[in-house]
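Asker: To start, I am sharing the structure in question, which I have written as structure tokens.
Each value in this text was obtained by applying a stated rule to the coordinates, not by laboratory testing. Predicted model only: the values in this text are computed from it and were never measured. Cβ placement follows ideal geometry from the backbone for every residue including glycine, while neighbour counts extend to all protein chains displayed.
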Amino acid sequence: MFVVPEPIQGRVTTAPVPMFCFPKAAIRYQQAYATEFGTNTRTAFAFAARTPCSAEQVKTVRDAAARIGLRRYSLPGEYGALPTAP
């Protein structure tokens, strides 16, 4: 299962970040590429194949947003260390 909060940066509202959850079968494109921070993977999903996010998935995203921020949680290599799970 993939959980996609969007956007992970640049929000000026205090409203919760929208989240989309996708099963592995929803992947339509995936490409790994090297960056100065390590290997990143770009993934595109079939939006119509999304599923409801579980309460646990929502809690994980909300906790990460409140604790360290979604960008840092989503791209830990850019910050020098992997975060622990919220």
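Asker: Could you tell me the relative contact order of the chain? Use alpha-carbon pairs under 8 Å, at least six residues apart, and round to a whole percent.
Answerer: Relative contact order of the chain: 26 percent.
Asker: Report, in deg cm²/dmol and to the nearest 500, the calculated mean residue ellipticity at 222 nm for the chain, where each DSSP H run with n ≥ 4 adds -39500 (n - 2.57) and the sum is divided by the residue count.
Answerer: Computed ellipticity for the chain at 222 nm equals -6000 deg cm²/dmol.
Asker: Residue by residue through region 28-44, what is 3J(HN,Hα) from phi via Karplus (6.51 cos²θ - 1.76 cosθ + 1.60, θ = phi - 60°)? Round to whole Hz and write x for glycine and proline.
Answerer: Working through the residues one at a time gives 10, 7, 8, 9, 8, 8, 7, 9, 5, 9, x, 9, 10, 10, 9, 10, 10 Hz.
Asker: Still on this model: Sequence-distant or interchain residues sharing an amide H contact under 5 Å with residue 68, placed H: which?
Answerer: none
Asker: For the chain, build the charge dipole from Cβ charges (+1 Lys, Arg; -1 Asp, Glu) around the Cα centre, then report which of 38, 22, 79 sits farthest towards its positive end.
Answerer: Final value for the positive-end residue is 22.
Asker: If one puts a single equal scatterer on every Cα of the chain and applies the Debye formula without solvent, what log₁₀ I(q)/I(0) results at q = 0.20 Å⁻¹?
Answerer: Results for the chain at q = 0.20 Å⁻¹ read -1.09.
Asker: Calculate, in nm to one decimal, what residue 6 and residue 54 gain on full extension: separation in residues at 0.36 nm each, minus their alpha carbon distance.
Answerer: Here the answer is 15.6 nm.
Asker: In debye, nearest 20: dipole of region 5-69 around its Cα centre with unit charges on the Cβ of K, R (+) and D, E (-)?
Answerer: Dipole of region 5-69, to the nearest 20 debye: 140 debye.
Asker: Work out from phi, with θ = phi - 60° and the Karplus expression 6.51 cos²θ - 1.76 cosθ + 1.60, the ³J(HN,Hα) of each residue of region 61-74, listed in order in whole Hz, and give x for Gly and Pro.
Answerer: Result, ordered by residue: 5, 4, 5, 5, 4, 6, 8, 10, x, 6, 5, 5, 5, 7 Hz.
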